Amino acid sequence: MNTLILKNNLIGDKKFYRRVIAIVLPLIIQNTITNVVSLLDNVMVGSVGTLQMSAVAIVNQLIFVFNLCIFGGLAGAGIFSTQYAGANDNEGVRHCFRMKIYIGAAMFVLASIIFTTLSTPLVSSYLAEDTSPADAAATLGYGVDYLKIMVIGLLPFTISQIYGSSLRELGETKLPMVASIIAIFINLIFNYLLIFGKFGFPRLGVSGAAIATVMSRFVEAIIIIAVVCVKRKNFPFIKGAFRSFYIPGKLCKDIFTKGMPLLVNEFLWAAGMAVLLQCYSVRGLEVVAAVNISNTINNLFNVIFISMGSAVGIIVGQHLGADNVKEAKVSVWRLIALSIVICLVMGGIMALLAPYIPNIYNTETHVKEMATKFLYVVAGLMPVFSFAHCCYFTLRSGGRTILTFVFDSVFTWGIVVPFAYCLATFTTISIVPLYLAVQSLEFIKCVVGFILVKKGYWIRNIVSNK
């Protein structure tokens, strides 16, 4: 009897999996292609030199902070938008879209000012003290040049996220996928042309990689805006969205109340990851290159649980908006189970390929060996990361943003960062055991996440007029 109950809770029917596939598959395709091109991008920059690759890795870590802040800033409105979509309330979705415009514009301006005025100290903070003056100066120069160009791409990226997130909350994941794929290939082609100076194009190295990325950002934004405008009948929320920028005061307050913890959470979490990289860099600039290789490859395999987390937010959020609590509960555990099973397989594949993939990089042998060991660590822990990620999106789907803040950022800054800092600063432990110890702290997060999801604290309809 218990086996039958467990099976019914963890295994869905064909209709359930068809819906999951319809939402997740475009996300997986989009994220996979993005990360494949990111891998090739890294390889191309790495072929120019290890210092250039380290500089790009440092700046991308800074840009990553901005990207996550955008995700977090828009997520508050996204929670309401998803539940409005489940309740078939187009006006509510439209108000949320407008709110995203305000939030995105403010964050773009702030980030542009910070990255433009503080580029040198931001990049310098990642350079280890024992780095030779010549290497430090060269890395700093490459990083600052790369960052100055990448700042231009923040605007189209913000616009793409405003439109793309609104579409995904409606269950439309194909258009953002197509736009992203086209932009990715634009990025790949011009990376080749501008980094190496092929077919009459100037040889720009690191700056060429930045220009190619910015071009692809503009292409992605233009495609999404154009298709939404042409096919506006398929997206009712866009009709009249720009006739007025009015947002009901109560909704604005509610979005701000729910969204601010998410924004702060994403910023602190991303900043925490940046600090972790600084902690690792104490062991040498080569560690930054190895972590960069590992993260790039790791991201390629992580697309499954990243996409499954998004599916949890969409499917469960729509069930909650439609007051279908029973389906929301069942869907959560089925999605978590599916994500863990797939990640067990992906982790195994990643472990098998770990000794070979770093060899595509043109860098020192010891950097490749270090990256391989990092890959073994994340491959073994992939199901653990998957469970924690799904728990986070479950809590977020019901608007429990304070809980998500504690679950993510408080955990990162209260436990992970101090632990990593102490190991890096006050011990002589080598980098691989240090990395393993820090990553293994995710087990604690899983235990807490299981308790919170099991208790059902996340079950709330936040758009109901009742």
Query raised in the report: Using beta carbons and a limit of 7 Å, which pairs, at least six apart or on different chains, have the first residue in segment 334-354 and crowded, with 17+ Cβ neighbours inside 10 Å and the second one assigned to a loop (DSSP other than H, G, I, E, B)?
Result: 334/11; 334/12
Query raised in the report: Could you list, in sequence order, the residues of segment 252-278 that are free of Cβ contacts under 8 Å to residues at least 60 places away in the same chain and among the aliphatic types (A, V, I, L, M)?
Result: none
Query raised in the report: Tell me, which residue of segment 147-199 that is over 22 Å from residue 315 (Cα atoms), hydrophobic (A, V, I, L, M, F, W, C) and within 17 Å of the chain's Cα centre (by Cα) is most open to solvent (accessible area, probe 1.4 Å)?
Result: 159
Query raised in the report: Of everything in segment 399-411 that's surrounded by fewer than 22 Cβ atoms within 10 Å (Cβ to Cβ) and β-branched (Val, Ile, Thr), which residue is modelled with the lowest pLDDT?
Result: 402
Requested in this report: Tell me which residues, restricted to segment 355-382, are surrounded by 19 or more Cβ atoms within 10 Å (Cβ to Cβ), modelled with pLDDT of 90 or more and either among the aromatic types (Phe, Trp, Tyr) or in contact with a Cys (Cβ under 8 Å, 6 or more places away or on another chain) (or both).
Outcome: 374, 382
Query raised in the report: Could you say whether any residue in segment 97-109 is in a helix (DSSP H, G or I) and over 30 Å from residue 462 (Cα atoms)?
Result: yes
Report summary line: Counting only helices (runs of 4 or more DSSP H) entirely within segment 250-364, those with at least 3 residues that are farther than 27 Å from residue 66 by Cα are 303-321, 325-353
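This table checks each residue for (1) crowded, with 22+ Cβ neighbours inside 10 Å; (2) of a type in the set (Ser, Thr, Tyr); (3) at pLDDT below 90; (4) in a helix (DSSP H, G or I).
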residue: 396; (1), (2), (3), (4): yes, no, yes, yes
residue: 419; (1), (2), (3), (4): no, no, no, yes
residue: 425; (1), (2), (3), (4): no, yes, yes, yes
residue: 429; (1), (2), (3), (4): no, no, yes, no
residue: 435; (1), (2), (3), (4): yes, yes, no, yes
residue: 438; (1), (2), (3), (4): no, no, no, yes
residue: 445; (1), (2), (3), (4): yes, no, no, yes
residue: 450; (1), (2), (3), (4): no, no, no, yes
residue: 457; (1), (2), (3), (4): no, yes, yes, no
Query raised in the report: Name the pairs whose Cβ atoms lie under 8 Å apart, with the first residue in segment 210-225 and among the aromatic types (Phe, Trp, Tyr), the second open to solvent by less than 10 Å² (accessible area, probe 1.4 Å), and 6 or more positions between them or separate chains?
Result: 218/153; 218/156
Report task. Would you check if residue 349 is touching a Phe, Trp or Tyr at 6+ places or on another chain (Cβ under 7 Å) and farther than 26 Å from residue 89 by Cα? Result -> no
Report summary line: All conditions in (1) open to solvent by less than 60 Å² (accessible area, probe 1.4 Å); (2) more than 25 Å from residue 100 (Cα to Cα) are true of residue 266 except (2)
Report summary line: When residue 117 is run through (1) open to solvent by 10 Å² or more (accessible area, probe 1.4 Å); (2) touching a Phe, Trp or Tyr at 6+ places or on another chain (Cβ under 7 Å), the failure sits at (2)
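Rundown of residues vs (1) open to solvent by less than 70 Å² (accessible area, probe 1.4 Å); (2) at pLDDT 85 or above, yes/no style:
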{"site": "223", "(1), (2)": "yes, yes"}
{"site": "226", "(1), (2)": "yes, yes"}
{"site": "235", "(1), (2)": "yes, yes"}
{"site": "240", "(1), (2)": "yes, no"}
{"site": "246", "(1), (2)": "no, yes"}
{"site": "250", "(1), (2)": "no, yes"}
{"site": "257", "(1), (2)": "no, no"}
{"site": "261", "(1), (2)": "yes, no"}
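The values are calculated or read from the model by the stated rules, or taken from the named source; none is laboratory data. The structure displayed is predicted, hence computed values, not measured ones. Positions of Cβ are backbone-derived with ideal geometry, glycine not excepted, and every protein chain shown enters the neighbour counts. Ligands, DNA and RNA are excluded from the accessible area calculation, which covers all protein heavy atoms including side chains. Shrake-Rupley method; radii C 1.70, N 1.55, O 1.52, S 1.80 Å.
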